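What follows is one structure encoded as structure tokens, with my remarks underneath.
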Amino acid sequence: MLAYITRRLVYGLVTLLALSIIVFTLLQLSGGGPLDRLKLNPRMAPYIQALTEQWGLDQPLYKQYWTWLRNYVSPCTSTDPQGCTSSFGLKNAIPIIMLVLAIAATAFVVYSVKNHWRGALVLLVWFVAILFAFRNMSIAFNWGISFQGAGPVWDLVFSRVGATFRLGFTALLLALMVGIPLGIYQAIRQYSFFDQLGTTAAFVAFSTPIFVIALALQILLALKLEQWTGVKLFYVTGMNNPGYGEMSFLQQIADTLQHLTLPALSIALISLAGYSRFQRASMLDVLHSDYLRTAKAKGLPRRRIIVKHALRNALIPIVTLVSLDVAFIIGGAIITESIFGWPGIGRLYIVAIGTVDYPVVMSIVMIIGIGIVIMNIVADILYGVMDPRVRYD
Amino acid sequence: MNRLWPSRKVGMLVLLVAFALVAAACSSGGTATTTTTSTTAAPAATTTTAPPATTTTTEPKFEKPYGGEAVVAQDQEPPTLNPFVPGGDNFVVSIIGQGYFAGVQEIDGFTLELVPELVTELPTVSNGGVTVNDDGSMTVKYQIRDEAVWDDGTPISGDDFQFTLDIILDPDLPTDKTTYDTIVDTKVGPKTFEYTLSAPTVLYELLFGTIIPKHAVEGTDFVADWNEKMWPSAGPFKFDEWAKGEFVHLVKNDNYWKTDPETGQKLPYLDGVTFKFIPETEAGLNAFKAREVDIINPPPATESIEQLQALESEGARVEVLAGPIWEHLNFQFGPGRLERNENSCNENLNMRKAVAHTIDKQLIVDEILAGQVEPLNSYVDAFSPTLSQEAWSQYDFNVDKAKEFYGMAVEEMGKDCSVVFSTTSNNDARVKLSELFVDMFGKAGIPYENQLEDSQIFFGETLDNGKWDLGEWAWVGSPGLSGLIGIHDVFDPEGPPPDGSNFYRWGTPDSSVQDDATARFAEIRDEMNATVDDKELVALINEAENILADNVVIFPLYSRLDPGAVWEDTIGGFKHNPTSAGITWNMEEWYRVDLAG
């Protein structure tokens, strides 16, 4: 398996390199530049020239790309002129050490724990490791400075990670908690009224653009609900109210839920539609398999058949889906974050595209790329762990 | 039989209830929408025609209450708080900065003229504040208000002005040094500051718009240290917190020196102001409807304005004003236009006049701006309406004249002249404009084609290389003579890109038009930049306006709408300012109506 993982990592690096070249080239070909907004001020020509030189925009494209790539993989040093805010020292190695330990722990769990829940244990270990790594994150890479004057790109991007994770993982949790039971129940009650209703609702949710869902939720659950009840249950925009830091713990929870519910719900509605459809199909496959027919013939109770024998196998395909969703969560929910004024990476990304802020756009695209590559590998490994029929060659 | 759910009936019941709730919500929403729509039309007309002074007539004459906060919606977030570094030119930086920045001048929201802020009066030749010296240089003197102090109590002094100048001129700092780099000498006093420019220029009017406190900033890293926090305030509020992606919060500056001219009370009234960042227009409007924000200045889409005007019956006040951004049609005179349209005849005056008579500006305003403003007959209106001669009013919408001029152009050029129109495709108003043009040019019998582009391409490669035939975009006007003088740079025959801003290439060395008019315009532009005499400047501006109109170098269309709305039953003292000062220009005078006894 080690050879498999190594091979996948090498492929992943090549993919990321290709991705960076393609995105960089597309950005250049898209026309316009970060200083175009200044061009319409008739007296800005000398200023534009000075910034062009300072940011290296007058350099050949291959040099610009090389500079970006070299910086992207270079840790910040205190003498760096690009405005890094932290240096790379022993303290900064903590996240790396933690991740290495997590990988070792994962390997241990995979090879030593011989039961069907080891996949969940692996996920848990990774989650704790990532959480711990982020809590101690003081490492910084030199991702350059934002062309729009927003400071070091590393700081800018990582200042948005918390918000994106809060929204993304809440939505994922909601979608899983509702979508999977829904899919299972639909499969068990195939062609029932509930199944038909669930199928219709899933297709409606799937085919409705997320901005329509988001705005509809704003109008229904924030505006109208307040008009009807006279109580403000949900906020239209923002992540917290000003003064959040001075609130009591309970007030903070209430404030968070009031802001988080609608954006999380709008993402979850679409995701849970997908999960329920996948889960239903997967469950139906398993329910119609021979070994379950045998189990029924042997007189096993229905609940035992479904929970112990069918569900475990039917959950396997969902792992891939969830893994990829986690990768996209890292990239942020572009439309939802914009509509709900949520301060995440997705919103930063859309602003950066609009202002032709190459360093920020490149950094976020690469984060998403890295996330997808890693989560793909994780999904493949988990798949093998959960399904003994899968072998790594 | 074993069941996964306790009861199927319960599940069904829950679903039915949920369905009923959703259905009820939908039907109720529908009713509300209908009502809203039906009330939209009437207030729209009322508000548009309402004079700006309406605010003062509705202001209470009693003592205004202190305390409370206001929330302002902003569709953009500042990349930095520092107005002197890249990104600091973003409009929202100054909108928020109205709370804590102060400088020599500000723009009055009622008169839309420059008025003194930190200084006792704005220097002019007539009041002795501006002197043209014998050696051709020009000296400007500021008398700083005695009462003006930073929020930590330190008096604002000439040293702060000198420090500001030093920062701007520091060759290692990425600051815009335009005009400041012509300052050759300074004199500093405790409450005075004097500087000498190498040559007379009216651009001095807008210098030192923001002053930096020397005692707080000296010794810091100016580029890195002031992006996410702010130096001591000279305005009514001071910086408190910036939650990235969410809001900026300002709190009251207890050392602010201004008093309310109406009541004599010390300003500001509010304890704090929050700027909430809501990038999506529709979400911003929803937040306003939900009263999560008290004040909003949405993009000027007529749909947004109509939504806001529908709230007037519930306590909102909406001001729709003609903003400083003026859209204009323009011709490319350089060789690049032939790559776009080989049958371009822009060098022919009759062709340009034919185009001018083809355009129905009233229809454009009616269709794009719902008739909320008048068509523009001169670019001068966007800067200083009192100086405008409405020079483009000579080109009325007249299909017969358009046909006649077009016939003459074809005859003179010896080819079937045509028009290819280019502008930005990601601007709804401009797309609508291009659709209207199809019909207008069709009626005039002028062959016409639309070739719209993404704004990044249009303002990039197309603009740089002059690769358009008939184009359309906007410039931004500003009060005072300096802005008006400055706009003439974009027609300067001696200023072709990339060093200059004459993107039209009218009269430039590679232009298809080089005649007496272009030569005279170049002289006028030089004279404008060499005098500070008001009368002389006005005469030059008038002459320049006539030359540009008579030669149809451009064709002004309309000023964009600039709506502002406030929940008037919550916040008093609000007056929209459609200039670069923005909606927050008088935030020190805002107060909570609901706190009034």
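Please work out which one of (1) outside any helix (DSSP H, G or I); (2) within 13 Å of chain A (Cβ to nearest Cβ); (3) farther than 30 Å from B:ALA530 by Cα; (4) not hydroxyl-bearing (Ser, Thr, Tyr) is the condition B:ALA224 fails and give its number.
Just one mismatch for B:ALA224, condition (1).
When the residues of segment B:412-456 are narrowed to those that are charged (D, E, K, R), in a helix (DSSP H, G or I) and farther than 17 Å from B:ASN330 by Cβ, which ends up farthest from the chain's Cα centre (by Cα)?
Initially, segment B:412-456 is screened for residues charged (D, E, K, R), giving B:412, B:415-416, B:428, B:430, B:432, B:435, B:439, B:443, B:449, B:453-454.
Subset that is in a helix (DSSP H, G or I): B:412, B:428, B:430, B:432, B:435, B:439, B:443.
Next cut, farther than 17 Å from B:ASN330 by Cβ only: B:412, B:428, B:432, B:435, B:439, B:443.
On the way: B:GLU412: 41, B:ASP428: 18, B:LYS432: 22, B:GLU435: 26, B:ASP439: 31, B:LYS443: 35 Å.
Going through the qualifying residues, I end up with B:GLU412.
If A:ARG389 satisfies every condition in (1) outside any helix (DSSP H, G or I); (2) within 14 Å of chain B (Cβ to nearest Cβ) but one, which is the exception?
Of (1) outside any helix (DSSP H, G or I); (2) within 14 Å of chain B (Cβ to nearest Cβ), only one is false for A:ARG389: (2).
Which condition does B:ALA517 not pass, out of (1) touching a residue at least 24 places away in the same chain (Cβ under 8 Å); (2) under 26 Å from the mean Cα position of the chain (by Cα), if it passes all the others?
Every condition holds for B:ALA517 apart from (2).
Please give the number of the condition B:GLU527 fails out of (1) in contact (Cβ under 8 Å) with a residue 24 or more places away in the chain; (2) in contact with a Leu (Cβ under 8 Å, 6 or more places away or on another chain); (3) surrounded by fewer than 22 Cβ atoms within 10 Å (Cβ to Cβ).
That leaves (1) as the condition not met.
Does B:ASP135 qualify as being within 14 Å of another protein chain (Cβ to nearest Cβ), over 29 Å from the mean Cα position of the chain (by Cα), surrounded by fewer than 17 Cβ atoms within 10 Å (Cβ to Cβ) and free of Cβ contacts under 8 Å to residues at least 24 places away in the same chain? Don't jump to the end; show me each part of the working.
Details: within 14 Å of another protein chain (Cβ to nearest Cβ): no; over 29 Å from the mean Cα position of the chain (by Cα): yes; surrounded by fewer than 17 Cβ atoms within 10 Å (Cβ to Cβ): yes; free of Cβ contacts under 8 Å to residues at least 24 places away in the same chain: yes.
Taking the combined requirement at face value, the residue does not satisfy it.
Take the residues in segment B:324-344 that are touching a helix residue (DSSP H, G or I) at 6+ places or on another chain (Cβ under 7 Å) and more than 22 Å from B:GLY495 (Cβ to Cβ), then tell me which one is modelled with the highest pLDDT.
Looking at the filtered set, the residue picked out is B:SER344.
Residues checked against (1) in contact with a Ser or Thr (Cβ under 8 Å, 6 or more places away or on another chain); (2) of a type in the set (Asp, Glu); (3) farther than 19 Å from B:LEU557 by Cβ:
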{"site": "B:PRO447", "(1), (2), (3)": "yes, no, yes"}
{"site": "B:GLN451", "(1), (2), (3)": "yes, no, no"}
{"site": "B:GLN456", "(1), (2), (3)": "yes, no, yes"}
{"site": "B:GLY460", "(1), (2), (3)": "no, no, yes"}
{"site": "B:ASN465", "(1), (2), (3)": "no, no, yes"}
{"site": "B:GLY471", "(1), (2), (3)": "yes, no, no"}
{"site": "B:GLY480", "(1), (2), (3)": "yes, no, yes"}
{"site": "B:ILE487", "(1), (2), (3)": "no, no, no"}
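Among (1) under 30 Å from A:ASN376 (Cβ atoms); (2) free of Cβ contacts under 8 Å to residues at least 40 places away in the same chain; (3) within 13 Å of chain B (Cβ to nearest Cβ); (4) among the small types (Gly, Ala, Ser), where does A:SER289 come up short?
Here A:SER289 meets the rest and fails (3).
Tell me which residues, restricted to segment B:497-507, are in contact (Cβ under 8 Å) with a residue 24 or more places away in the chain, within 11 Å of chain A (Cβ to nearest Cβ) and out of contact with any Leu (no Cβ under 6 Å at 6 or more places or on another chain). Can you show your working first?
Step one: of segment B:497-507, the residues in contact (Cβ under 8 Å) with a residue 24 or more places away in the chain are B:497-498, B:503-507.
Now narrow it down to the ones that are within 11 Å of chain A (Cβ to nearest Cβ): B:497-498, B:503.
Those that are in contact (Cβ under 8 Å) with a residue 24 or more places away in the chain, within 11 Å of chain A (Cβ to nearest Cβ) and out of contact with any Leu (no Cβ under 6 Å at 6 or more places or on another chain): B:PRO497, B:PRO498.
Output yes when any residue across segment A:371-390 is aliphatic (A, V, I, L, M), crowded, with 24+ Cβ neighbours inside 10 Å and within 16 Å of the chain's Cα centre (by Cα), and no when none is.
no
Looking at segment B:80-105 only, could you name the residues that are within 16 Å of the chain's Cα centre (by Cα) and at pLDDT 90 or above?
If the condition is that a residue be within 16 Å of the chain's Cα centre (by Cα) and at pLDDT 90 or above, then B:VAL92, B:VAL93, B:SER94, B:ILE95, B:ILE96, B:GLY97, B:GLN98 are the ones that fit.
Determine if segment B:429-437 includes at least one residue that is within 14 Å of chain A (Cβ to nearest Cβ) and of a type in the set (S, T, N, Q).
The initial filter retains those residues of segment B:429-437 that are within 14 Å of chain A (Cβ to nearest Cβ), namely none.
So far as segment B:429-437 goes, no, none of its residues is within 14 Å of chain A (Cβ to nearest Cβ) and of a type in the set (S, T, N, Q).
Within segment B:67-82, can you find the residues that are more than 9 Å from chain A (Cβ to nearest Cβ) and crowded, with 21+ Cβ neighbours inside 10 Å? Give the steps one after another, and end with the answer.
So the first thing to find is which residues in segment B:67-82 are more than 9 Å from chain A (Cβ to nearest Cβ), and the list is B:67-68, B:70, B:72, B:74-75, B:81.
Matches in segment B:67-82: B:ALA70, B:VAL72, B:GLN74, B:LEU81.
So how many residues does segment B:468-485 have that are at the interface with chain A (Cβ under 10 Å from one of its Cβ atoms) and either buried (at least 24 other Cβ atoms within 10 Å of the Cβ) or among the aromatic types (Phe, Trp, Tyr) (or both)?
Total satisfying the criteria: 2.
Among the residues of segment B:412-456, how many are more than 30 Å from B:ALA301 (Cα to Cα) and surrounded by fewer than 17 Cβ atoms within 10 Å (Cβ to Cβ)? Steps first, answer last, please.
Here is the first cut: in segment B:412-456, the ones more than 30 Å from B:ALA301 (Cα to Cα) are B:412-418, B:445-447.
Cutting the leftovers down to surrounded by fewer than 17 Cβ atoms within 10 Å (Cβ to Cβ) gives us B:412-416, B:445, B:447.
Matching residues across segment B:412-456 total 7.
Inside segment B:486-510, can you point out the residues that are assigned to a loop (DSSP other than H, G, I, E, B) and crowded, with 22+ Cβ neighbours inside 10 Å? Before the answer, list the steps.
At the first step, the residues of segment B:486-510 found to be assigned to a loop (DSSP other than H, G, I, E, B) are B:492-510.
B:ASP492, B:PRO493, B:SER501, B:ASN502, B:PHE503, B:TYR504, B:ARG505, B:TRP506, B:GLY507, B:THR508, listed by residue number.
For segment A:140-176, enumerate the residues that are among the hydroxyl-bearing types (Ser, Thr, Tyr) and within 26 Å of A:ILE318 (Cβ to Cβ).
At the first step, the residues of segment A:140-176 found to be among the hydroxyl-bearing types (Ser, Thr, Tyr) are A:146, A:159, A:164, A:170.
Of everything in segment A:140-176, those that are among the hydroxyl-bearing types (Ser, Thr, Tyr) and within 26 Å of A:ILE318 (Cβ to Cβ) turn out to be A:THR164, A:THR170.
Taking B:ALA409 as the residue in question, decide whether it is assigned to a helix (DSSP H, G or I), away from chain A (no Cβ under 14 Å) and within 29 Å of B:ALA301 (Cα to Cα). Walk me through how you get there before you give the answer.
Details: assigned to a helix (DSSP H, G or I): yes; away from chain A (no Cβ under 14 Å): yes; within 29 Å of B:ALA301 (Cα to Cα): no.
No.
Quick test of your reading of the structure: B:ILE278 fulfils all but one of (1) of a type outside the set (Ser, Thr, Tyr); (2) within 10 Å of chain A (Cβ to nearest Cβ); (3) free of Cβ contacts under 8 Å to residues at least 12 places away in the same chain. Name the failing condition by number.
For B:ILE278, the exception is condition (3).
Have a look at A:MET239, A:MET283 and point out the one that is in contact with a Leu (Cβ under 8 Å, 6 or more places away or on another chain), under 30 Å from A:VAL360 (Cα atoms) and within 14 Å of chain B (Cβ to nearest Cβ). Even if it seems obvious, please write down each step before you answer.
Details: A:MET283 fails: under 30 Å from A:VAL360 (Cα atoms).
Criteria check complete, one pass: A:MET239.
Kindly establish whether A:LEU250 is more than 14 Å from chain B (Cβ to nearest Cβ) and more than 20 Å from A:LEU174 (Cα to Cα). Steps first, please.
Details: more than 14 Å from chain B (Cβ to nearest Cβ): yes; more than 20 Å from A:LEU174 (Cα to Cα): yes.
Criteria met by A:LEU250.
Out of all the residues in segment A:156-205, which are closer than 30 Å to A:ALA352 by Cβ, touching a Leu at 6+ places or on another chain (Cβ under 8 Å) and either at the interface with chain B (Cβ under 9 Å from one of its Cβ atoms) or not in a helix (DSSP H, G or I) (or both)?
Scanning segment A:156-205 gives A:LEU156, A:ARG160.
Could you pull out the residue among B:ASN542, B:ASN551 that is modelled with pLDDT of 95 or more, over 18 Å from B:ILE305 (Cα atoms) and touching a helix residue (DSSP H, G or I) at 6+ places or on another chain (Cβ under 7 Å)?
On the way: B:ASN542 fails: touching a helix residue (DSSP H, G or I) at 6+ places or on another chain (Cβ under 7 Å).
It is B:ASN551.
Out of A:LEU269, A:LEU260, A:LEU221, A:LEU217, I need the residue that is closer than 20 Å to B:ALA283 by Cα, within 11 Å of chain B (Cβ to nearest Cβ) and under 24 Å from the mean Cα position of the chain (by Cα). Which one?
Numbers: A:LEU269 fails: within 11 Å of chain B (Cβ to nearest Cβ); A:LEU260 fails: within 11 Å of chain B (Cβ to nearest Cβ); A:LEU221 fails: under 24 Å from the mean Cα position of the chain (by Cα).
Checking each option against the conditions leaves just A:LEU217.
The values are calculated or read from the model by the stated rules, or taken from the named source; none is laboratory data. This structure is a prediction, so every number in the text was calculated from the model and none was measured. Cβ atoms come from the backbone with ideal geometry, glycine included; neighbour counts cover every protein chain shown.
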